[in-house]
Amino acid sequence: MLQEFDGELNFATNAWTSPNNKAIVVFTVHLHHKGTPLRMVLDVVEVAESHSGVNLAAAFAKMLNEFQITIKMLGVTADNATPNDVMIDELDDLIELFHGQANHSRCFDHIVNLVAKMLLRQFDVPKGKADTALDEAENSLRELAKDIKLNDTGEEGGNDEDEPADNIDGWDDERGALFIEECAELDASVRPVKFVLVKLWKIASSIIHSSTKLLPAWLKVLDELELAARKMPRDVATWWNSTFRMLEFALEYRGAIDEMTAGRSMELRKFELSDIAEQLCDILRIFNDATLYFSCSTLSLPMVISAIDIINENLTDKSLEEHYKPCIHAAVGLAKKTLNRYYNKTDQSNVYRIAMVLHPSHKLEYFKQAGWEPKWVTTAEEVVREEYERTYAQCKPNVDAPEVVASASKPSANMFDNLLNRNISKTYEEHDELTCYLATETESVDDALVWCKGRLLLSHIRNGLSTQSVHALLCLAEWSQLGLIFDSDVLAITSGPEGEEEDEGLVEGWDAIVLLE
């Protein structure tokens, strides 16, 4: 199927170490098949050596050679870990037709994760191995948070120092660029937020672990207030969106929390949910909406760029709004620096520019309205023309292409759901196919042709299976759903060598239950 595919292929990859110490690398392939975005797990391999860029590139190239699709390689999507940058450079040398960083796209979900971590890192409870360096307020915070870690084995509360490397690789602490005085001022301003978060962690932990006193009392309060019976979400160190869910829940159930903390018999400290919590929740909702938006099945690179623009605009606006607290302004400013760090990396890749030009809602007008200099806009057009002439100019048009029917948009609370419905219109009169496409008016579409569809669609498989089992389960399941595995093939493999004797029948009564006295 892939060898005969009339076009080039995009790939995504991820590497991790399983709990049973298997160094696993997975490869997925992404293409348009009969007008529909198609993705599937292509291979799962064990790289027993270090997951360095050189080793990852060697495994990648070997996989492409085995499938005989080396000449069809267009782009690669991976997270922002440093070894992946090295891998792309190595693949540039190993694969003749691959253009390295020019065809490299970055996992947007990983970027959102890094930006959110940068924001929330400002509100961490100090680990404080050097207690003398902490003032009275910081020591109070540590004392308040101490029981949470004892009760929950470090899974709740601030970010854990033992967080797996594959979650934090690629993250740079923007605080390093601040002066000592600026860091001290920032720490002082965010302290009220730290107290709010720690107290919420404390309340959630106490209710859940007091099944005979606090939990029944909590459920009784919810019943009296006619609120749905729900447990308060707990904040998990390695899941930034758990902080958002906890804050969102606390704001919705504010009355119940006030009731629980008001009575001394509940042994919970008096707690007031300040407007700081609401402001932080408002900021985190941007990243939560982005994550949910990018969980759709038709993700495309134009959606990535447009979403980055929307996030950047919102962070800029909120950093300037006067009603936000100084600590929120400061944290948003650092998060914006992290976002811009990865936004700037898109300039190194041609696939982003090609994708934006080939999206009928954007074309070259996107770059013009973004304030690009004329020579940069010209360069973007030249990149598209070069790829068009190299790959598609000689192709016959697909006369059987299905007609695109516009569907009605449904209202959504997610701020990103309609971000591609904004049209930019401009008309010209030209002649060749690509120029005619660029000259026509931009139009709103629900699903555009995806030039490089490379979101990381496979989450971490946190289990103890062998590499061979993971490979078999993932690939067989994916390929079967796509109709690439036939029943006759499965029967031929599972029936054993031809002429092999059938298994002997089981002894009668083998499944009887025998009770021993």
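A few remarks follow.
- Taking amide H as placed 1.01 Å from N in the peptide plane, residue 73 has its amide H under 5 Å from the amide H of 9, each at least 5 places away in sequence or on another chain.
- Compared with the direct C-alpha span, the chain from residue 375 to residue 227 gains 47.4 nm at full extension, assuming 0.36 nm per residue.
- Segment residue 102-residue 54, extension gain: residue separation times 0.36 nm, minus the distance between their alpha carbons: 15.4 nm
- Remark on residue 236: its backbone amide H falls under 5 Å from those of 242, 243, a criterion applied only to residues 5 or more positions apart or on other chains, H modelled at 1.01 Å from N.
- Site pair residue 32 and residue 251 shows an inter-label distance of 4.0 nm when each label is modelled 7 Å from Cα along Cα→Cβ.
- Distance between the modelled labels on residue 67 and residue 3, one decimal in nanometres: 1.4 nm (7 Å Cα→Cβ projection).
- Cross-link pairs exceeding 31 Å in C-alpha to C-alpha distance, out of 213/318; 194/345; 34/62; 231/337; 202/345, comprise 213/318; 194/345; 231/337; 202/345.
- Cβ-derived FRET efficiency at R0 60 Å, residue 212 paired with residue 481, nearest 0.05: 0.80
- Relative packing of peptides 305-314, 280-289 - highest average C-beta neighbours within 10 Å first: 280-289, 305-314
Values quoted throughout were computed directly from the atomic coordinates according to the rules given, and no laboratory measurement underlies them. No experiment lies behind these values; they were computed from the predicted model shown. Note that we place each Cβ from the backbone using ideal geometry, even for glycine, and neighbour counts take in every protein chain shown.
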